[in-house]
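The structure appears below as structure tokens.
Please treat every number below as a calculation from the coordinates, not as lab data. Nothing here was measured: the structure is a model prediction, and the numbers come from that model. Virtual Cβ from ideal backbone geometry, glycine too; neighbours counted across all protein chains shown.
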Amino acid sequence: MAKKIPARARRALSVLTAGVLAAAGVVSLAGTAEAAGTLGDAAAAKGRYFGTAVAANHLGEAPYASTLDAQFDSVTPENEMKWDAVEGSRNSFTFTAADQIVSHAQSKGMKVRGHTLVWHSQLPGWVGGLGATDLRAAMNNHITQVMTHYKGKIHSWDVVNEAFQDGNSGARRSSPFQDKLGDGFIEEAFRTARTVDPTAKLCYNDYNTDGRNAKSDAVYAMAKDFKQRGVPIDCVGFQSHFNSNSPVPSDYRANLQRFADLGLDVQITELDIEGSGSAQAANYTSVVNACLAVTRCTGLTVWGVTDKYSWRSSGTPLLFDGDYNKKPAYDAVLAALGGTPDGGGDDGGGDNGGGNTGSCTATYTQTATWNGGYNGEVTVKAGSSGITTWSVPVTVPSSQQVSALWNGAPTWNAGNTVMTVKPTYNGTLAAGASTSFGFTVMTNGNTSAPAVGACTAS
Ligand code: G3I
């Protein structure tokens, strides 16, 4: 059996590997992880998910993917599911970029939030040109086609986004839907959505509704009315984009709670907080604590992995800096979730790297090397519960080739370089028990280590 590599050594290996694989254009990244050392694991231990917005065009950047895979257990496509991205021309649907994110998430055992079906922004011009009858048909067709495509794959949908005005009026925002279909368009969208995917949570999502104000009061009144009349709404999303002009409100928790008291789930859907250092960390702590204090707050999503790709990049509002180093805000969030910083496993980003999901871990070691090749071994270890099967993705640099594999069955995803390994005889492991699989690689001039991703168990 392979000797477990100390966490510090694994982190160093992962950082080294990140650079080498990025240069080689390899998507996945090496690593391992253990429970409660990552945002996703720590949140899961509290019965929540911890997600991030993801942009498909960054998935090929190795440290981006490794940080995502290691730390988060839910993703929201940042732009790829929006109306202009999927239905630029009427009834002609393109899901390529969104599918890329959903496939990536599924292969890593992450959940997906759907964002967003009906929104005034990122709306192709043809929608605004329709008359009321056509617009109603187009809206319902859009909801139907998109939700059908992703049926069963989305845990929560932002069915309608940002339909209320800012300011003190509490009025609806002008949009083609509001202006031509009237107030009833939101109810109609939710009713259509429910018929298409009855298992997805249906959410109304907005910003500047995080504390109690005229806008959140108006959303509250709508949600209450929907619940009373049986309009199928399941949750309200609170975007939670904060900065000095729009700080975390003092009544944040109380505001979440009043929506929860209507019998709705609440979700923090687009969290980012401009700033740095301990002040930013403290604000993140207060947001996490608010969610944890509200039983029906089912999860949090930050609006991006790294500051450098944030829509507010100059405000450095996220948990990882532009080099994927963990910020004080990261440590604060992990601590607030009850996680353990550097809990013994690689956990992606900055001082680390790697992937995991919770109930098993995968630990890589090189067991032999010679001119032109090496043997690698992956130790699969069950967590605190027994498991009956496991799955570990392994990627070797594209110039290398896996020539043999033992004690595991591979599914090849790209040539002989990207494989998902599952057990042959060795799937059942008692709590804390281990097994291992091994492989031989021909280096073809590139001696970089392989990327060993998250272990998924069931
Ligand atoms: O993809 C094009 C590219 O081809 C073109 O060259 C480039 C030139 O500007 O634009 C690119 O599209 C941009 C797109 O992001 C992808 O990067 C758009 O211009 C830009 O407007 C768009 O911004 C997005 C914004 O929504 C649009 O409203 C942000 O990434 C995204 O983070 C942001 O997310 C919204 C949520 O959906 C709703 N809540 C608020 C939140 C922040 O604004």
Under the rule rounded for a/c under 1.5, else prolate if a/b exceeds b/c, else oblate, using alpha carbon gyration tensor axes a ≥ b ≥ c, region 176-236 is classed as oblate
Give me the number: length gained by fully extending TRP370 to SER458, i.e. 0.36 nm times residue separation minus the C-alpha to C-alpha distance, one decimal in nm.
28.0 nm
So what does the Cα-only Debye profile of region 101-179 read at q = 0.14 Å⁻¹, as log10 I(q)/I(0), no solvent term?
-0.58
Scan around LEU264 for amide H atoms under 5 Å from its own, H built in the peptide plane at 1.01 Å from N, and keep only partners 5 or more places away or cross-chain.
none
If you average the sequence gap of Cα pairs under 8 Å that are 6 or more apart and divide by the length of region 42-168, what percent do you get for the contact order?
25 percent
Two-decimal Rg/Rh of region 44-157 from alpha-carbon positions, Kirkwood Rh?
1.02
Angle in degrees between helix 7-24 and the longest Cα principal axis of the chain, rounded to the nearest 10
80 degrees
Search the structure for amide H atoms under 5 Å from the amide H of PHE164, placed 1.01 Å from N in the peptide plane, and list their residues when 5 or more places away or on another chain.
ARG173
Reachable aspartates and glutamates from LYS327, criterion Cα separation under 17 angstrom, eight or more residues apart if same chain
ASP272, GLU274, ASP307, ASP342, ASP346, ASP347, ASP351
Based only on the alpha carbon positions, what is the Kirkwood hydrodynamic radius of the chain, in angstrom?
22.8 Å
Can you list the residues, at least 5 places off or on another chain, whose amide H is less than 5 Å from the amide H of CYS360, using H built in the peptide plane?
GLY383, ALA457
Counting other beta carbons within 10 Å of each Cβ, put THR38, THR199, THR379 in order, fewest first.
THR199, THR379, THR38
Per-residue ellipticity at 222 nm for the chain, helices alone: DSSP H runs ≥ 4 residues times -39500 (n - 2.57), over residue total, nearest 500 deg cm²/dmol?
-9500 deg cm²/dmol
The ³J(HN,Hα) series, computed from each phi in region 151-167 with the Karplus coefficients 6.51, -1.76 and 1.60 at θ = phi - 60°, rounded to the nearest Hz and given as x for glycine or proline, is 4, x, 10, 10, 7, 8, 10, 7, 5, 10, 10, 6, 8, 10, 6, 6, x
Got a sec to turn the phi values of region 196-206 into Karplus ³J(HN,Hα) couplings, 6.51 cos²θ - 1.76 cosθ + 1.60 with θ = phi - 60°, whole Hz, x for Gly and Pro?
7, 9, x, 8, 7, 6, 9, 10, 9, 10, 7
Where only alpha carbons of region 106-240 are counted, the Rg and the Dmax (Å):
14.6, 45
As a test, work out the antiparallel percent of DSSP beta bridges whose residues both lie in the chain, rounded to the nearest 5.
55 percent
Rounded to one decimal in nm, the spacing of the 7 Å Cα→Cβ label points at ASN446 and ASP217 is 6.1 nm
To test your reading of the geometry: what angle, between 0 and 90 degrees and rounded to tens, separates the Cα axis of helix 214-229 from the longest principal axis of the chain?
90 degrees
Entries of LYS326/LYS381; LYS180/LYS215; LYS82/LYS227; LYS151/LYS381; LYS151/LYS227 with Cα pairs more than 30 Å apart
LYS151/LYS381
